[in-house]
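K.L.:
This is the structure I have questions about; it appears just below.
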Amino acid sequence: MIRWLLLLALGMGCYGAEATPDSLRGKLAEHMGQPALETAPGKFIYLEGDPDTTAVLRDRRLRGSDFEARGRFLAPDRFRIAPIHTGAMRVYKDGRPRRITYWCATCSIRTYKPGTCWCCQEETALDLRDPE
């Protein structure tokens, strides 16, 4: 029984250490055809993520914004953003963090990736919100 509890405690410790994401902040850009953050003048870190995250990264309305992402460094110049459902991306506006959302005013439907509304097929508007 003691061995079992010790193994469980060690496993939980490893899991907790694994769950802590890295954070990265800079100016959202496109560099060499790929989404990237410019963290210093001329220094780019390439961003990747799931398909919905990638759609947000490629949204031209966010280009040049003060952008923060949580995830993992894959290499010194490559960063994988956590899945979109974790809320791992933020834009800073007027010094305050904002959650990236998209809104259809016709149908009152909020989504978390750019594109057309699933109901009326109109383009959704970028709607930066206070984090909840």
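The values are calculated or read from the model by the stated rules, or taken from the named source; none is laboratory data. These numbers were taken from a predicted model, which means no experiment stands behind them. Using ideal geometry, Cβ is built from the backbone for each residue, glycine included, and neighbour counts are taken over all protein chains shown. When the accessible area is computed, the model is the full protein with side chains, heavy atoms only, and any ligands, DNA or RNA have been set aside. Shrake-Rupley method; radii C 1.70, N 1.55, O 1.52, S 1.80 Å.
K.L.:
Restricting to the range 120-132, give me the number of residues that are part of a loop (DSSP other than H, G, I, E, B) and among the aliphatic types (A, V, I, L, M).
P.N.:
0
K.L.:
Tally the residues that are in contact (Cβ under 8 Å) with a residue 12 or more places away in the chain and of a type in the set (Phe, Trp, Tyr), restricting the search to the range 106-124.
P.N.:
1
K.L.:
Additional query: Yes or no: Arg90 in contact (Cβ under 8 Å) with a residue 40 or more places away in the chain, touching a strand residue (DSSP E or B) at 6+ places or on another chain (Cβ under 9 Å) and either open to solvent by less than 50 Å² (accessible area, probe 1.4 Å) or of a type in the set (S, T, N, Q) (or both)?
P.N.:
Answer is yes for this residue.
K.L.:
Scan the range 69-85 and report the pairs whose first residue is farther than 19 Å from Ala29 by Cα and whose second residue is modelled with pLDDT of 95 or more and of a type in the set (Gly, Ala, Ser), with Cβ atoms within less than 7 Å and a gap of 6+ or a chain change.
P.N.:
Short answer, once both residue conditions are applied: none.
K.L.:
Counting only residues that are touching a Leu at 6+ places or on another chain (Cβ under 9 Å), surrounded by fewer than 15 Cβ atoms within 10 Å (Cβ to Cβ) and under 20 Å from Tyr112 (Cβ atoms), how many does the range 26-72 have?
P.N.:
Residues meeting the conditions: 2.
K.L.:
Pull up the range 78-87, narrow it to residues that are open to solvent by 70 Å² or more (accessible area, probe 1.4 Å) and in contact with a strand residue (DSSP E or B) (Cβ under 8 Å, 6 or more places away or on another chain), then point me to the one that is farthest from Thr111 (Cα to Cα).
P.N.:
Arg78
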